[in-house]
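Below is one structure, written out as structure tokens; the observations come after it.
Any read-out appearing in this document is the output of simple, stated calculations on the displayed coordinates, not a laboratory observation. Since the model is a prediction, treat every value here as computed from it, not as a measurement. All Cβ positions, even for glycine, are placed from backbone atoms using ideal geometry, and neighbour counts span all protein chains on display.
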Ligand code: 13P
């Protein structure tokens with residue numbers, strides 16, 4: 001069933017796996033369904049453009065859920081929407097959740113634009129994630145995060161806490177996380193979940209993180225498996241076979257990350 005993020009988060013913590021193409025979307029849905037884990041499918045504006053646009057992405061997810069008999073809860077979420085109009089377009093297309101990323105704006109403008117997205121989203125029962133501070137950059141203080149949540153009424157909040165997108169240097173500010181948790185009563189989102197050990201991800205959950213976003217780790221294992229396959233099979237040209245050689249690696253990584261939610265660590 002396609003639901004908003006609140007519907008999933010009221011039941012349990014969740015991993016947001018970003019999708020980049022049809023294959024990833026299909027395999028993530030299959031693996032999460034097999035393991036009975038609700039999932040948030042995140043999609044960036046670049047990935048949306050790559051796949052054709054918000055309507056294509058929505059219909060792809062809807063179609064796969066029907067054809068594959070997916071019976072877990074699935075949320076389709078715009079990741080890092082930097083433009084109010086893109087957020088609205090995704091909502092119009094059927095997305096059940098959107099992130100407005102106003103991290104490059106002044107705090108006042110970030111609040112103003114996030115509120116505009118939230119007001120529109122509320123008409124369609126769509127959830128909204130906001131961002132305070134800059135992921136991989138300036139950290140906010142805990143009171144500013146809470147103030148942002150109160151003024152925008154967002155359903156979940158991402159804030160810079162020392163993680164980075166991709167595999168750069170990170171330095172998690174645990175005190176900030178604890179203070180935000182103490183002061184803020186909406187679900188907390190961790191961006192830049194790749195390159196973090198399962199033990200640390202588990203600890204982040206114990207300290208109050210509700211949603212963990214993963215993209216790069218999936219990209220890494222997928223491309224590594226395909227590169228290996230092509231190096232050993234230079235005569236293969238069927239795109240289904242080439243891309244399909246990344247399936248097992250991607251599904252194994254999805255399973256590995258989902259184990260974090262069960263408190264099991266493979267590290
Ligand atoms: P990674 O690419 O580091 O996994 O981060 C993903 C993310 O935060 C998407 O918003």
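Per-structure values
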{"quantity": "Any hit, region 216-229, residues being within 19 Å of the chain's Cα centre (by Cα), within 16 Å of the ligand (Cβ to nearest atom) and farther than 18 Å from residue 21 by Cβ", "calculated": "no"}
{"quantity": "Residue in region 67-77 that is under 30 Å from residue 241 (Cβ atoms) and either out of contact with any helix residue (DSSP H, G or I) (no Cβ under 9 Å at 6 or more places or on another chain) or assigned to a helix (DSSP H, G or I) (or both) present", "calculated": "yes"}
{"quantity": "Residue among 211, 257 that alone is closer than 16 Å to residue 31 by Cβ, in contact (Cβ under 8 Å) with a residue 12 or more places away in the chain, touching a strand residue (DSSP E or B) at 6+ places or on another chain (Cβ under 7 Å) and within 15 Å of the ligand (Cβ to nearest atom)", "calculated": "257"}
{"quantity": "Positions within region 140-150 being surrounded by fewer than 17 Cβ atoms within 10 Å (Cβ to Cβ) and touching a residue at least 12 places away in the same chain (Cβ under 8 Å), in sequence order", "calculated": "141, 143, 144"}
{"quantity": "Identity of the residue in region 185-205, part of a loop (DSSP other than H, G, I, E, B) and within 14 Å of the ligand (Cβ to nearest atom), that ends up surrounded by the fewest Cβ atoms within 10 Å (Cβ to Cβ)", "calculated": "197"}
{"quantity": "Where residue 166 falls short, out of the listed (1) surrounded by 16 or more Cβ atoms within 10 Å (Cβ to Cβ); (2) under 18 Å from the mean Cα position of the chain (by Cα); (3) within 23 Å of residue 27 (Cα to Cα)", "calculated": "(1)"}
